[in-house]
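> Here it is, the structure in full.
Read the figures in this text as sums done on the coordinates, not as results from a lab. What you see is a predicted model, and the numbers here were worked out from it, not measured in a lab. Every residue, glycine among them, receives a Cβ derived from its backbone with ideal geometry; neighbour counts consider all protein chains shown.
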Amino acid sequence: MTLTATAPSRPAGTTKPRRRRSIRSYWRFYLALSPFYVIFIVFGLYPVASTILLAFQKWDGLGPRTMVGFQNFRFLAEDSTFWLALWNTVVLFVMSTVPTLVIAMALAVMLHSAVRFKGVYRIAYFIPNITSLVAAAIFFAAVFSTNFGLINSILRSLGLPTEDWLRQPWGIKIAISTMIVWQWAGYNTIIYLAGLQAIPTEQYEAAKVDGAGPFRTFFLITLPQLRPVVLFTVIMSTIGGLQTFTEPQVMVGNTGGTGQSGMTVVMYFYQQAFFANDYGYAGAIALSIFMLVLLFTAINWKLLGGRGRQ
Amino acid sequence: MELSRRTLLAGGFAAMLGSTVVGCSSSINTGSTKKNATGNIALWCWPGGLGKSVLDDTIAHFPDQHIKYSEVGGDFKQKLLTTFNGGTSIPDITGVKGEDIASLLPQADRFVDLKTIGADSILGDYLEWKVKQATTLDGKVIGIPIDIGPTALFYREDVFTAGGLPGDPAKVAEQLKTWDDFLAAGVELKKSNPKAPIVADATDLYGTIVNQGTARYIDKDNKFIGDQDHIRRAWDIAVKAVTLKVDGKVLGGSADWNAGLDQGTVPTIVGAAWVALDIKSACKTSVGKWRVAATPSGPANFGGSFLTITKNAADPAAALEVIKYMLSPDNQAKAFADAQIFPSAPAAYDKPQLKAADPFFGGQVPIEVFGPAAKAIPIAYEAPLDSALATPFTDGLKLVQAGKKTSDAAWAEAVSKAKQIGKRQGVQ
């Protein structure tokens with residue numbers, strides 16, 4: 001009732017025939033656009049659709065598939081390892097994203113006011129992001145190793161107690177999030193820098209005239225102006241952070257290390273599919289990651305006021 | 001608002017499209033027995049899976065078969081499964097890794113039962129326990145073993161003698177007969193050299209002890225037996241290593257492990273024959289100081305692979321001839337000289353390539369340890385789900401190792417988790 005009442009009241013008789021004719025006459029344009037959509041359907045939509053289907057099936061990777069309804073999801077609900085992986089993922093996400101964005105912001109503001117060697121710094125900060133993940137993870141595993149690791153050597157030379165980083169539940173999380181921060185801080189710095197450069201200088205001049213200090217200027221002008229950029233980086237970090245896989249996998253192995261504290265949801269999904277040969281269950285886990293990303297994106301969107309407020 | 005509605009629409013469309021596409025493709029895929037073209041044999045293996053000279057020689061020896069070898073890197077099993085599901089370009093002969101064979105046995109109808117094409121005459125040439133790994137419960141044999149991984153105790157002779165332990169392999173084997181002896185020796189060694197814990201990693205030790213047994217986590221009737229004495233015994237020995245503080249907690253293959261091997265802080269490794277390559281590549285200064293002795297409490301197997309013939313093979317009999325030639329004792333000895341691929345045919349152990357003394361091991365002849373070990377490895381039934389059920393146990397041990405849980409609490413949790421995983425897949 002209400003739907004029909006509030007539906008847009010367009011003069012239907014005039015627009016409908018025109019629109020139908022125009023679609024047909026624009027076929028060349030649609031043909032030109034089609035490669036993207038064809039590739040998207042084959043490599044994007046089809047895998048997603050088959051994963052959704054798989055989540056309701058039982059399949060060992062080779063034999064026949066059988067429909068099992070919601071059985072996989074029922075297992076998920078009572079699977080303590082899944083909940084542990086979910087918890088680890090969220091903790092790792094918070095432990096890595098917050099420092100990443102804070103450091104990136106600080107670096108961006110510093111870079112923005114730097115006068116010399118701007119280009120050099122920008123490249124230097126961006127390099128971690130294009131370094132091979134596996135190589136970096138091997139390097140970080142070496143840095144955090146117990147007897148011959150860099151961090152423990154420094155602690156030892158300072159006379160501080162050393163830690164068995166990659167064998168302790170929290171040590172594993174710290175090692176993994178340190179690596180994520182190292183890799184993504186520079187990337188976000190560049191994005192923030194671009195945002196900073198778009199803020200009109202008049203606002204800063206006005207603030208200066210009014211006698212605002214650097215901190216007031218930052219919190220009252222820079223940060224509010226950067227809000228859409230911050231939203232973008234938060235959402236990108238959410239999507240990336242909730243899919244953390246390579247870092248823990250290389251550092252602590254497929255089972256996630258001590259207490260499985262490095263086991264993320266994506267790792268659990270990978271383990272179930274390719275080691276336990278339970279592809280249907282893995283499909284259900286993959287769907288849960290998708291839901292999780294949607295949920296977190298929605299939360300961030302609401303918190304940072306993505307729409308309308310700008 | 002608009003965002004979520006759009007997502008919903010896209011999702012619905014995707015599901016609709018997906019079900020149609022998948023529906024079609026799965027009906028095409030099931031049970032594809034389309035034969036490959038005759039006169040060609042496509043052979044798949046992973047890098048280093050077959051000796052280079054043996055491979056070249058085999059290809060030259062069968063000019064009529066036009067053997068086309070493909071070296072498939074990365075996740076080999078995954079690529080093989082994907083190809084099977086795709087239904088085209090399936091190799092005639094393919095390697096299967098030892099850790100994957102159990103999970104492929106339920107799909108034995110994708111492979112040729114080698115007994116039906118006359119492999120009976122050669123099966124006796126290979127170690128019985130290894131052939132058994134490629135045999136289904138109803139007696140189909142789908143693979144001929146390429147290699148095996150008999151374990152031994154690799155140890156630093158200099159560290160042992162400095163710590164008051166014997167240095168000679170025969171004496172070490174005699175004194176460290178059981179795991180209890182081994183741990184006692186660790187306590188002894190620790191007194192004079194606290195930096196050299198005798199166990200590299202207690203969780204690895206646990207895996208070795210389970211491999212030494214004749215039963216694992218699931219029995220032939222698909223019943224869960226992981227909560228029984230044979231597993232608990234392995235668990236308790238590993239925990240004992242932790243409580244006696246002779247556990248180095250060094251992750252195999254890590255930077256600490258590599259450096260420790262060379263510097264003497266990882267004085268022993270209980271590992272398969274192929275671990276020798278890892279030790280050799282990690283050590284620069286300790287060359288000649290390593291020795292090999294028998295594994296305490298008896299040998300176990302770790303790794304080793306198979307050659308199988310798929311149902312798509314154009315001429316299974318010809319493929320079997322190729323496998324026979326490639327895996328003959330002579331060629332296995334060559335492959336060992338090439339790339340340390342440890343022979344699965346005992347006749348190869350008498351060949352000169354294996355009888356050679358190894359300067360890395362101070363002139364010792366490693367086959368004198370590995371040969372008897374290979375023949376004495378116990379036969380255990382390995383269920384397809386076995387490795388998945390092992391995970392909670394090793395995870396639980398890691399918690400004990402890190403001092404986060406008591407042995408009993410970790411054990412109870414591991415058993416209940418393993419039961420849960422098993423229940424999901426129909427294990428009783």
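> Using helices alone, what [θ] at 222 nm do you get for chain B, with -39,500 (n - 2.57) per DSSP H run of 4 or more residues, divided over all residues and rounded to the nearest 500?
-14500 deg cm²/dmol
> Beyond 15 Å, what share of the Cα-Cα pairs of the stretch B:163-212 is found? Please give it as a whole percent.
Percent of Cα pairs beyond 15 Å in the stretch B:163-212: 50.
> Ignoring solvent entirely, what values of log10 I(q)/I(0) come out of the Debye formula for the stretch A:166-310 at 0.15, 0.17, 0.21 Å⁻¹ when each Cα is a single scatterer?
-0.89, -1.01, -1.24
> Right, here's the next one. Magnitude of the Cβ-charge dipole of the protein assembly as shown, K/R +1 and D/E -1, about the Cα centre, nearest 20 debye?
Around 3560 debye, computed over the protein assembly as shown.
> To continue, here is another question. Would you mind computing the Rg to Rh ratio of the stretch B:310-428 from its alpha-carbon coordinates, Kirkwood style for Rh?
Answer for the stretch B:310-428: 1.17.
> Now, a different point. Once you treat every alpha carbon in the stretch A:63-184 as an equal point and sum by Debye, what is log10 I(q)/I(0) at q = 0.15 Å⁻¹?
Once normalised to I(0) and log-transformed, intensities are -0.90.
> Let me ask something additional. Just counting partner chain Cβ atoms within 10 Å, what average do the residues of peptide B:248-260 show around their Cβ?
Mean shielding count: 6.
> Continuing with this model, one more query. Projected onto the charge dipole of the protein assembly as shown (+1 at Lys/Arg Cβ, -1 at Asp/Glu Cβ, origin at the Cα centre), which of A:V250, B:V112, A:V98 gives the Cα projection farthest towards the positive end?
A:V98
> For the stretch A:69-128, what is the Kirkwood hydrodynamic radius in Å, using each pair of distinct C-alpha atoms?
Working: mean 1/r = 0.0669 Å⁻¹.
Here the Kirkwood hydrodynamic radius works out to 14.9 Å.
> What does the stretch B:77-207 give for Rg and for Dmax, in Å, if only its C-alpha atoms count?
Every Cα atom of the stretch B:77-207 included, Rg and Dmax give 22.0, 63 Å.
> Which whole DSSP H helices in chain A pass both tests: a Cα extent of 30 Å or more along the axis and a mean Kyte-Doolittle value no lower than 0.0? Walk me through the intermediate numbers first.
On the way: long enough: A:80-113 (50 Å, 1.64); A:169-197 (42 Å, 0.74); A:279-304 (37 Å, 1.62).
Taking the DSSP H segments of chain A (at least 30 Å long, mean hydropathy at least 0.0), we get A:80-113, A:169-197, A:279-304.
> Next up: Over the Cα atoms of the stretch B:174-288, what is the Rg over Rh ratio if Rh follows Kirkwood?
Values: Rg = 15.6 Å, Rh = 15.3 Å.
Rounded to two decimals, Rg/Rh equals 1.02.
> How big is the stretch A:150-221 along each principal axis, measuring the range of its Cα positions in Å and listing the largest first?
Largest first, the stretch A:150-221 extends 54, 26, 19 Å along its Cα principal axes.
> Ordered by packing density, taken as the mean number of other Cβ atoms within 10 Å over each peptide's residues, highest first, how do A:49-57, A:37-45, B:223-231 rank?
With the highest mean Cβ count within 10 Å placed first, the list reads A:49-57, B:223-231, A:37-45.
> Oh, and also: Based only on Cα atoms, what Rg/Rh ratio does the stretch B:220-345 have, Rh being taken as Kirkwood's radius?
For the stretch B:220-345, the value is 1.08.
> Using every pair of alpha-carbon atoms in the protein assembly as shown, split the distances into 20 Å bins beginning at 0 and state the percent of pairs per bin, rounded to integers.
Final binned percentages: 14, 41, 33, 11, 2, 0.
> Calculate how large, on average over all directions, the projected area of the Cα convex hull of the stretch B:143-242 is; give the answer in nm² to one decimal.
8.3
> OK, next. Cut-off under 16 Å on the C-alpha distance; same-chain residues fewer than 8 positions from B:K77 excluded. Which lysines are left, in chain and number order?
B:K97
> Turning to a different aspect of this structure: Hey, any idea what the orientation-averaged projected area of the convex hull of the stretch A:97-146's Cα atoms comes to, in nm²?
4.6
> Here's another thing I want to ask about it. Can you put A:F29, B:F360 in order of Cβ neighbours within 10 angstrom, beginning with the fewest? Before the final figure, lay out the partial values.
Details: A:F29 9, B:F360 16.
Ascending Cβ contact count within 10 Å gives the list A:F29, B:F360.
> Less than 22 Å apart at the alpha-carbon level, and either on another chain or at least 8 residues along: which lysines does that give for B:K405?
Hits, sequence-local ones excluded: A:K173, B:K240, B:K245, B:K249, B:K417, B:K419.
> Given N residues in the stretch B:47-102, what is Rg(Cα) / (2.2 N^0.38 Å)?
Computed over Cα atoms of the stretch B:47-102, the ratio equals 1.25.
> Using the scaling law 2.2 N^0.38 Å as the reference, what is the normalised Cα Rg of chain B?
This ratio for chain B stands at 1.09.
> Under a Cβ-only charge scheme (Lys and Arg +1, Asp and Glu -1), can you give me the dipole magnitude of the stretch B:290-396 about the Cα centre, in debye to the nearest 20?
220
> From the residues A:T222, B:S297, B:T58, which one has its Cα farthest along the dipole of the protein assembly as shown in the positive direction, the dipole being from +1 and -1 charges on Cβ of Lys/Arg and Asp/Glu about the Cα centre?
Farthest towards the positive pole: A:T222.
> A follow-up question, please. Please compute, for peptide A:283-294, the average count of beta-carbon atoms on other protein chains lying within 10 Å of each residue's beta-carbon.
Counting other chains' Cβ atoms within 10 Å and averaging over A:283-294 gives 0.
> I'm checking a number: the convex hull volume of the Cα atoms of chain A, normalised per residue, in Å³. What is it? Let's see the in-between values first.
On the way: hull volume 80.6 nm³, N = 310.
Taking the convex hull of the Cα positions in chain A, it is 260 Å³ per residue.
> Additional query: Which of the lysines could a cross-linker span from B:K423 if the Cα-Cα distance has to be under 17 Å and same-chain partners fewer than 8 positions apart are dropped?
A:K58, B:K220, B:K223
> Sorted by packing (mean other beta-carbon atoms within 10 Å per residue), highest first, where do B:149-162, B:166-179 land?
The densest-packed peptide leads the list: B:149-162, B:166-179.
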